[in-house]
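Heads up, the thing below is written out as structure tokens.
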Amino acid sequence: MSRRISVVSGVVGVLLAGLAGAAQAREVVPYAAGASPGTIVISASERRLYLVNGDGTAIRYPVAVGKPGKQWFGTAVIDGKYVAPAWSPPWEVKRDNPRLPNLIAGGSPHNPMGAAAMTLAGGQYAIHGTNRPSSIGTWASYGCIRMYNQDVVDLYGRVGVGTPVYMTR
């Protein structure tokens, strides 16, 4: 068993290293909204996620947000971090797409969670990568925040469990 864990850890490390060096859509921008350094602010209307730096700037990432009627707004915190997570469709997704399997393995090209995920306390939502990069910049999800895989890997390395997340209109 320890050999298998070691091999899996090595594969995950190579995956994350490869994605971290890939082209990205993130950029450092002026940001004066008054949020504390290290805070994540997501603007649904802009379809952008901001990681506040605290020096009057933030790292801005393009994202996909929840479809109209599937969005959430307010405050959450990151309560878990996962590399190449498996995915079980929430009940609402399964109801709308009954042919989906009950579980899609992490690393599968059919897994919508992508390279990494950070779950949010208080619901079924996460900030995660995607197997549908063309959805970035749109209203596409059931409430989760989708990012390009290389960008979610970058964000994953910059934040920890307990990071505050604010979803604004």
Notebook entry, point to check: Roughly what % of DSSP beta bridges within the chain run antiparallel, to the nearest 5?
Noted result: 80 percent
Check: In terms of modelled amide H atoms, which long-range or inter-chain residues lie less than 5 Å from the amide H of residue 63?
Finding: 48, 49, 137
Checklist line | Calculated from backbone phi, Karplus (6.51, -1.76, 1.60) coupling profile of the range 86-101 in Hz, x at Gly/Pro | finding: 6, 9, 10, x, x, 4, 5, 5, 5, 4, 6, 9, x, 7, 5, x
Item checked: Global geometry of the range 123-169, whether rounded, prolate or oblate, following the gyration tensor of its Cα atoms and the 1.5 cut on a/c -> oblate
Checklist line | For the chain, calculated [θ]222 nm from helices alone, where every DSSP H run of n ≥ 4 adds -39500 (n - 2.57) | finding: -6500 deg cm²/dmol
Checklist line | Fluctuation leader among 132, 158, 47 - the chain, Gaussian network, Cα springs under 10 angstrom | finding: 158
Notebook entry, point to check: Which aspartates and glutamates have a Cα less than 15 Å from the Cα of residue 67, not counting those fewer than 8 places away in the same chain?
Noted result: 46, 92, 96
Note to self: Give me the net charge for the shell around residue 168: Cβ to Cβ below 11 angstrom, other residues only, Lys and Arg +1, Asp and Glu -1.
What the structure shows: +1
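Which of the peptides 136-144, 67-75 is most tightly packed, and how do the rest follow, judged by the mean count of other Cβ atoms within 10 Å per residue?
Per-residue Cβ counts within 10 Å, averaged per peptide and sorted highest first, yield 136-144, 67-75.
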Next item on the list: Report, by chain and number, residues whose modeled amide H sits under 5 Å from the one on residue 145, excluding near sequence neighbours (fewer than 5 apart, same chain).
Entry: 126, 127, 128
Next item on the list: Rounded to the nearest Å, what's the spacing between the alpha carbon centres of the range 154-169 and the range 58-133? Just the number, please.
Entry: 14 Å
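Values in this text are rule-based calculations from the coordinates and carry no lab data. All figures in this text were calculated on a predicted structure; none of them were measured in a lab. Cβ: placed from backbone, ideal geometry, glycine included. Neighbour counts: every protein chain shown.
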